[in-house]
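The values are calculated or read from the model by the stated rules, or taken from the named source; none is laboratory data. Given the structure is predicted, the values throughout are model-derived calculations rather than measurements. Every residue, glycine as well, gets a Cβ built from its backbone with ideal geometry; the counts of neighbours run over all protein chains shown.
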Amino acid sequence: MAAQTFRTLIARNKRNSLLLIAVFMVFFAVVGLLIGNVWGGDWEFGVVVAVGAASVAFLLALLSYYGGSSAILGISRARRIARPDDPQLHNVVEELCIAGGLPLPKIYVIDDTALNAFATGRDPKHASIAITAGLRQKLSRDELQGVIAHELSHVRHFDIRYAMLMAVMVGVLVMLCDVFMRSMIWGGGRSRRRRSNSRGGGGLLVVIALVLSIVAPILARIIQMALSRQREYLADVGSVELTRNPAGLASALAKLESDTEVLEVANRATAPLYIVYPIKKFEARAKSVFSTHPPIQDRIARLRQLGI
């Protein structure tokens, strides 16, 4: 089989990401329509519920969009550094920004010996990159370029925006299903269900809605994690597009995989942002459908197969 180039992989991963987003949007709408139909007894009310849930998700996404970055950097205890603090790191970031046509992001360091990095920010003009002190000290310049280019690729691809939107929509979907289950258990909307049942087929819709309200949160989480893994693959090949050096990132990932240090500031909320999942006790889930990151060895293998 012919070697894949970074261009073919970028195109494929973008298609996969868009497909996953489309599937989730359809799934979100179907669940909202069914639950609304059972509550209100007609499809018009179902549309109201679906649109209402989407509107709540949009408003919550806006709040996260404008305030999330500062909170993440604060939780991670990241401190901003200026050019005199680390001229070489700034040079690396500047070179890659020129290659990618990006404005220079704010650069932060996390005082921790573990090896890791992440990017945040609502768009390229408001982006920040944070790396650990351990990563800065233990990687060569080529390896550092690979990691920084990976994070800049997340910025170029607006992955933070995708991640926030998906996280909020999954949260709203879970909340909607939970409210529906409670309303059914405690008898809410009983009269509406009787009206629906009187027209025929209402009982089947109730059963379908109940099953979906149980299954939907699980399926939504699986879709969200699949999208996250696709965006990591996309950032890996985006790194190669900027550096033209797949070996740099592959070598860096190998070092990150062998690192046994625990990143103390990482938690379940911020962990998906990092280039490798930082919470060691959950590493056994690396091949699970609920993992936010692909297995590192798989990422390295893909990088080594790339033709420039």
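Evaluate the following for Leu234: is it farther than 15 Å from Leu144 by Cβ and either touching a Ser or Thr at 6+ places or on another chain (Cβ under 9 Å) or part of a helix (DSSP H, G or I) (or both)?
Working: farther than 15 Å from Leu144 by Cβ: yes; either touching a Ser or Thr at 6+ places or on another chain (Cβ under 9 Å) or part of a helix (DSSP H, G or I) (or both): yes.
For Leu234, the condition - farther than 15 Å from Leu144 by Cβ and either touching a Ser or Thr at 6+ places or on another chain (Cβ under 9 Å) or part of a helix (DSSP H, G or I) (or both) - is met.
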Mind checking which residues of the range 108-126 are free of Cβ contacts under 8 Å to residues at least 40 places away in the same chain and more than 21 Å from the chain's Cα centre (by Cα)? Val109, Asp111
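Matching residues to (1) of a type outside the set (A, V, I, L, M); (2) at pLDDT 90 or above; (3) touching a helix residue (DSSP H, G or I) at 6+ places or on another chain (Cβ under 8 Å); (4) surrounded by fewer than 22 Cβ atoms within 10 Å (Cβ to Cβ):
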residue: Asn197; (1), (2), (3), (4): yes, no, yes, yes
residue: Val237; (1), (2), (3), (4): no, yes, yes, no
residue: Glu241; (1), (2), (3), (4): yes, yes, yes, yes
residue: Glu257; (1), (2), (3), (4): yes, yes, yes, yes
residue: Arg268; (1), (2), (3), (4): yes, no, no, yes
residue: Glu283; (1), (2), (3), (4): yes, no, no, yes
residue: Arg302; (1), (2), (3), (4): yes, yes, yes, yes
residue: Gly307; (1), (2), (3), (4): yes, no, no, yes
All conditions in (1) modelled with pLDDT of 85 or more; (2) over 24 Å from the mean Cα position of the chain (by Cα); (3) β-branched (Val, Ile, Thr) are true of Val38 except (1)
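Does Val56 count as surrounded by fewer than 17 Cβ atoms within 10 Å (Cβ to Cβ), out of contact with any Cys (no Cβ under 8 Å at 6 or more places or on another chain), at pLDDT 80 or above and part of a helix (DSSP H, G or I)?
On the way: surrounded by fewer than 17 Cβ atoms within 10 Å (Cβ to Cβ): yes; out of contact with any Cys (no Cβ under 8 Å at 6 or more places or on another chain): yes; at pLDDT 80 or above: yes; part of a helix (DSSP H, G or I): yes.
Judged against the criteria, Val56 is a match.
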Unique residue being within 22 Å of the chain's Cα centre (by Cα) and modelled with pLDDT of 85 or more when the list is Leu176, Leu139: Leu176
Report whether or not Ala301 is out of contact with any Leu (no Cβ under 8 Å at 6 or more places or on another chain) and part of a helix (DSSP H, G or I). yes
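Can you go through Val47, Val51 and tell me which one is over 24 Å from the mean Cα position of the chain (by Cα) and assigned to a helix (DSSP H, G or I)? I'd like the intermediate steps shown before the answer.
On the way: Val51 fails: over 24 Å from the mean Cα position of the chain (by Cα).
After ruling out the rest, the residue left standing is Val47.
When you go through Met225, Met184 one by one, which is the residue that is at pLDDT 75 or above and more than 30 Å from Lys14 (Cα to Cα)? Give the steps one after another, and end with the answer.
On the way: Met225 fails: more than 30 Å from Lys14 (Cα to Cα).
Sole residue among the options that is at pLDDT 75 or above and more than 30 Å from Lys14 (Cα to Cα): Met184.
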Which number in (1) part of a helix (DSSP H, G or I); (2) within 24 Å of Ser128 (Cβ to Cβ) marks the one condition that His293 misses? (1)
Would you please list the contacts, defined by Cβ atoms under 7 Å and residues six or more apart or on different chains, that run from a residue in the range 202-225 that is farther than 17 Å from Val172 by Cα and in contact (Cβ under 8 Å) with a residue 12 or more places away in the chain to a residue that is among the polar types (S, T, N, Q) and assigned to a helix (DSSP H, G or I)? Gly202/Ser196; Leu205/Asn37; Leu205/Ser196
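Do we have Ala220 as more than 30 Å from Arg15 (Cα to Cα), modelled with pLDDT under 90 and crowded, with 18+ Cβ neighbours inside 10 Å here?
no
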